[in-house]
Amino acid sequence: MQDAVLFDARDDGIAVITIDRSEQRNALTREVREGLRGAWERFEADDALRIAILTGSGDKAFCAGGDLKEMVETGMAVPPRDMYALPYDTIELSKPTIAAVNGVAFAGGWMIAQACDLCVASTAAKFAITEVKVGRGSPWAAPLIHMIPQRIFMEIVLTGKPISAQRAYEIGLVNRLAEPGAVLDAALDLAREVLEGAPLSVKAARETVMLSTEMGRSAALAAARAAHEHAYNSHDAQEGPRAFAEKRKPVWQGR
C-alpha cells in the first residue's frame, strides 16, 4: 500500500483504514486508490475483523476527491468502472463499514463516505459534490436518493456548493457528529455498539437494509426472511435469550 493508506487491524475486531496523504488533502491519487483497494481486500479476507472504519489523516480533509492533475495529464474522459475501490460496488464486502469524516469530503471524498454503511463526522467537516464546478460527473451519487430527500439531492448536485456537517446530519447523510479531534473515537464507539450484536444477526440486518433499497416491499420481505434464516437457526440465536435469562453478557460464536 506504499504507506499512502494505513491499515490497523485491532484486537477488538475493528479495522481502521486511514488515507495518509494529508499534504495532498488525502486526494484519490493512484497510490491512494491502490492502497484503498488493498486495504478493503485485506479487511474482507480477515475473519477476525468484523467492521471497518475509513478515515483520513490530519484535521483538514477526509478526502478532497479525485486527482485533477492526473485527469489533465491523462486526458481522462469517462473514468474506468473499476478506477475507485468503492465498498459494496467495485469491491465486494460482506461486513459493515463506517466513514469517519474528519474534514472536507468533496467529490470523490463524498463518494467514498457515501459508499460506507454509516458515517460519523466532525462538526468542522464539510461535504460537497463539486463535479459541476469542474465539468466532471457524479453518476455514483445516484444511490443518494435512498438517503436524502430529492429536492435536497437536486440542489447539492446542481450547485456544487458545500454543506456543513450539521446540515449533513439534519438531512440524514451523517449518523453522528463529534467534536474536531474526537471523530475516530466516536466512530470506534459506534463500531463497538455494532459489535455487541450477534455476528450473523448483524450480517442479516445489513443485508435487509440493502435489499429494502433495491426491491419492492413484498420482494424485500421475502428476501429478508431468507437472509435471516441462518441467524435464526444458529447457536447464537439460543445463546442470546439464554444470556438474557441468566442476566449475563452473551458470548457470541458467530455460528
Subject >> Options R192, R217: the member that is outside the structural domain of V101 (by the TED database) and surrounded by fewer than 16 Cβ atoms within 10 Å (Cβ to Cβ) >> reply: R217
Original post:
Among the residues of the stretch 122-143 satisfying the criterion of being in contact (Cβ under 8 Å) with a residue 40 or more places away in the chain and among the β-branched types (V, I, T), which is nearest to A99 (Cα to Cα)?
Top reply: T123
Original post:
Among the listed residues D3, D12, D82, D89, which satisfies the condition of being under 14 Å from the mean Cα position of the chain (by Cα), among the acidic types (D, E) and in a loop (DSSP other than H, G, I, E, B)?
Top reply: D89
Subject >> Residue match in the stretch 96-103 (condition: open to solvent by 50 Å² or more (accessible area, probe 1.4 Å), assigned to a strand (DSSP E or B), of a type outside the set (D, E) and modelled with pLDDT of 95 or more) >> reply: no
Original post:
Does at least one position in the stretch 95-106 carry a residue that is over 15 Å from T55 (Cβ atoms), under 13 Å from the mean Cα position of the chain (by Cα), in the same structural domain as E41 (by the TED database) and touching a residue at least 40 places away in the same chain (Cβ under 8 Å)?
Top reply: yes
Original post:
Any chance the stretch 150-169 includes a residue that's open to solvent by less than 50 Å² (accessible area, probe 1.4 Å), over 26 Å from D59 (Cα atoms) and at pLDDT 95 or above?
Top reply: yes
Subject >> Single residue of the stretch 35-70 satisfying the filter (open to solvent by 30 Å² or more (accessible area, probe 1.4 Å) and farther than 30 Å from R192 by Cβ) that is modelled with the lowest pLDDT >> reply: L68
Subject >> Tally, over the stretch 220-250, of residues that are open to solvent by 90 Å² or more (accessible area, probe 1.4 Å) and closer than 20 Å to D47 by Cα >> reply: 1
Original post:
Right, M154: assigned to a helix (DSSP H, G or I) and either of a type in the set (G, A, S) or assigned by the TED database to the domain that holds F62 (or both) or not?
Top reply: yes
Original post:
Taking interchain pairs and intrachain pairs at least six residues apart, which have beta carbon atoms under 9 angstrom, with the first residue in the stretch 4-31 and modelled with pLDDT of 95 or more and the second among the aromatic types (F, W, Y) and open to solvent by 30 Å² or more (accessible area, probe 1.4 Å)?
Top reply: A15/F7; V16/F7; I17/F7; T18/F7
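The values are calculated or read from the model by the stated rules, or taken from the named source; none is laboratory data. What you see is a predicted model; the values in this text were computed from it and never measured. Positions of Cβ are backbone-derived with ideal geometry, glycine not excepted, and every protein chain shown enters the neighbour counts. Heads up: the accessible areas ignore ligands, DNA and RNA and are worked out on the full protein's heavy atoms, side chains in. Shrake-Rupley method; radii C 1.70, N 1.55, O 1.52, S 1.80 Å.
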